[in-house]
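**Student:** One structure follows; several queries about it will come next.
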Amino acid sequence: MRALSAVAPEAVAYACTSGSFVGGIMGERAMREAMSRAGAADALFLSCTNPPTYDVIPQLRAELRIPVISANQVTMWAVLRRLGTRRWDRIRR
């Protein structure tokens, strides 16, 4: 962490969504309920930042006819929004 503070980054992204399943089945249920309460539409969320998901997203969207997003995408959207980049909304589409 000291190496990061030396360069003073404007944003830091922690790409480790595997932490989302350490709570087991009960943790996964709680996460689903929280997303539903927040108004989440039906979608497919590709968790974990390790698999190469970018190339499969358009095909899954077309086949399933629902939004498909990956952990990598939403991480970058959050970073771009944090940096004040106004064009991040176009990237989401």
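The values are calculated or read from the model by the stated rules, or taken from the named source; none is laboratory data. If you're wondering where the values come from, they're calculated on a predicted model, not measured in any experiment. Heads up, the Cβs are rebuilt from the backbone with ideal geometry, glycines too, and the neighbour counts pull from every protein chain shown. Note: accessible area is taken over every heavy atom of the protein model, side chains too, but ligands, DNA and RNA are not part of it. Shrake-Rupley method; radii C 1.70, N 1.55, O 1.52, S 1.80 Å.
**Student:** Tell me, which residue of region 1-15 that is part of a loop (DSSP other than H, G, I, E, B) and open to solvent by less than 80 Å² (accessible area, probe 1.4 Å) is modelled with the lowest pLDDT?
**Tutor:** Taking region 1-15 first, the residues part of a loop (DSSP other than H, G, I, E, B) are 1, 8-15.
Of the ones still in play, those that are also open to solvent by less than 80 Å² (accessible area, probe 1.4 Å) are 8-9, 11, 13, 15.
Numbers: A8: 78, P9: 78, A11: 80, A13: 76, A15: 71.
The qualifying residue modelled with the lowest pLDDT is A15.
**Student:** Okay, next question. Which members of region 16-27 meet the condition of being open to solvent by less than 70 Å² (accessible area, probe 1.4 Å) and either out of contact with any helix residue (DSSP H, G or I) (no Cβ under 6 Å at 6 or more places or on another chain) or modelled with pLDDT of 75 or more (or both)? If you could, list the steps in order and put the result at the bottom.
**Tutor:** Of the residues in region 16-27, the ones open to solvent by less than 70 Å² (accessible area, probe 1.4 Å) are 16-20, 23-24, 27.
C16, S18, G19, S20, G23, G24, G27, listed by residue number.
**Student:** With V79, V68 as the choices, which residue is modelled with pLDDT of 85 or more and touching a Leu at 6+ places or on another chain (Cβ under 7 Å)? Step through it out loud before you land on a result.
**Tutor:** On the way: V79 fails: touching a Leu at 6+ places or on another chain (Cβ under 7 Å).
Every option except V68 fails the conditions.
**Student:** Filter region 33-61 down to residues that are under 22 Å from Y14 (Cβ atoms) and not hydrophobic (A, V, I, L, M, F, W, C) and give me whichever is surrounded by the fewest Cβ atoms within 10 Å (Cβ to Cβ).
**Tutor:** Ranking the qualifying residues of region 33-61, first place goes to P52.
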